[in-house]
Amino acid sequence: MSQPRDPAILLPNAFTVAQARDAGVPRGRLRGASLSRPFHGVRVRGTVETNSLRASCHALLPRLRPGQFFSHETALAVHGVWMPEWPYRPAIHVSAYRPAREPRTRGVIGHRLQLREPAWTLLDGLPVEAPVRAWRQVGGLWSPRDIVAAADFLVSGSEPLASAVDLRDEITRMGDVRRGILTRALHDVRTGVRSARETRLRLLLMDAGLPEPEVAWNVFDGRGTFVAELDLAFPRYRVAAEYDGRVHAEDAAQFARDADRWAAIRRAGWAHERILAHHLDGDGRAAVGIVRDALVRAGWTPGR
């Protein structure tokens with residue numbers, strides 16, 4: 001069988017220069033416009049989406065050596081965990097447990113971790129650190145609010161990736177960072193959270209001296225019929241606060257269902273406050289004011 005005119009077609013979408021040379025790809029072909037060079041020694045057919053962390057990880061994958069894996073915020077992103085908001089941009093972190101060595105190349109932050117039993121797994125073909133370990137790793141990178149939001153994600157949902165006990169055990173086993181930032185964050189972690197913005201709103205309200213809201217609170221009417229699950233609720237005052245990140249109603253049918261839900265909550269005797277994206281701009285003072293005013297109207301006394 002004759003060899004193909006372009007031996008590069010036998011290579012995967014992302015490949016190393018060394019792999020290309022072994023396959024007989026001419027050097028000039030590796031400099032062609034049809035191949036992008038996202039990392040030193042790597043070629044990818046076409047372009048790599050610059051705003052996609054996952055695409056960058058797949059581009060770097062051919063360069064990873066045995067024992068190297070994506071870690072820190074990179075691993076959390078691949079696991080689907082909420083990332084800090086723009087303008088923060090998560091970087092590509094690759095780690096290896098001693099005695100293996102971390103990569104050293106532009107565009108990648110390498111880490112050589114102390115020796116312990118590896119726990120990374122394959123997701124979408126990418127070797128990624130276990131979510132509990134990755135959460136501890138971002139303790140040295142993220143703000144307290146973002147650390148709490150990531151933990152909220154891990155312990156929530158129908159199939160949680162971890163429990164609060166798992167996170168605490170990891171801190172106990174490997175130690176805390178930044179003067180105990182992880183231990184302090186665990187005090188504010190709650191299950192049933194639906195979004196990072198919901199976590200931010202809850203923490204803003206608590207920092208402002210408002211009562212701590214209940215998360216994922218179920219409302220029933222006078223006959224015991226289920227009405228709705230509230231994102232954040234103050235049952236004593238029958239006040240609900242929910243974050244709604246939609247700029248406008250793109251799905252008319254869904255918006256109609258939501259409007260009926262809001263009306264049902266109000267019929268059940270609750271004040272329902274929608275917090276929109278612009279209410280959280282800056283220091284979130286507008287969001288705090290909306291909820292504070294609703295609580296005062298319901299009988300709460302500030303400072304109590």
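Worth pointing out:
- Selection of the stretch 29-63 for residues being in a loop (DSSP other than H, G, I, E, B) and under 25 Å from residue 88 (Cβ atoms) yields 38, 39, 47, 48, 49, 50, 51, 52.
- For the stretch 67-152, the strands (runs of 3 or more DSSP E) that sit wholly inside it and include 1 or more residues that are charged (D, E, K, R) are 109-113.
- Inclusion of residue 98 among residues that are in contact with a strand residue (DSSP E or B) (Cβ under 7 Å, 6 or more places away or on another chain) and among the charged types (D, E, K, R) is warranted.
- When residue 104 is tested against (1) over 20 Å from the mean Cα position of the chain (by Cα); (2) in contact (Cβ under 8 Å) with a residue 24 or more places away in the chain, exactly one condition is not met: (2).
- Top-ranked residue of the stretch 59-73 - restricted to ones that are more than 18 Å from the chain's Cα centre (by Cα) and within 18 Å of residue 99 (Cα to Cα), ranked as surrounded by the fewest Cβ atoms within 10 Å (Cβ to Cβ): 66
- Among (1) farther than 30 Å from residue 245 by Cα; (2) among the small types (Gly, Ala, Ser); (3) surrounded by fewer than 17 Cβ atoms within 10 Å (Cβ to Cβ) - the single one residue 55 does not satisfy: (1)
- Subset of the stretch 165-201 [touching a helix residue (DSSP H, G or I) at 6+ places or on another chain (Cβ under 8 Å), of a type in the set (Ser, Thr, Tyr) and part of a loop (DSSP other than H, G, I, E, B)]: 191
- In the stretch 12-21, residue farthest from the chain's Cα centre (by Cα) [restricted to those that are outside any loop (DSSP other than H, G, I, E, B) and either of a type in the set (Lys, Arg) or at pLDDT below 85 (or both)]: 21
- In the stretch 238-267, the residues that are aliphatic (A, V, I, L, M) and either modelled with pLDDT of 95 or more or in a helix (DSSP H, G or I) (or both): 239, 240, 241, 252, 253, 256, 259, 263, 264, 265
- Check on residue 294, among the hydrophobic types (A, V, I, L, M, F, W, C), in a helix (DSSP H, G or I) and either in contact with a Cys (Cβ under 6 Å, 6 or more places away or on another chain) or surrounded by fewer than 13 Cβ atoms within 10 Å (Cβ to Cβ) (or both): no
- Single unsatisfied condition, residue 182 versus (1) of a type outside the set (Asp, Glu); (2) on the phi < 0 side of the Ramachandran plot; (3) surrounded by fewer than 20 Cβ atoms within 10 Å (Cβ to Cβ): (3)
- Boolean, residue 162 is in the same structural domain as residue 93 (by TED's automatic domain parsing), modelled with pLDDT of 95 or more and assigned to a helix (DSSP H, G or I): no
The values are calculated or read from the model by the stated rules, or taken from the named source; none is laboratory data. From a predicted model like this one, the values you see are computed outputs, not experimental measurements. Heads up, the Cβs are rebuilt from the backbone with ideal geometry, glycines too, and the neighbour counts pull from every protein chain shown.
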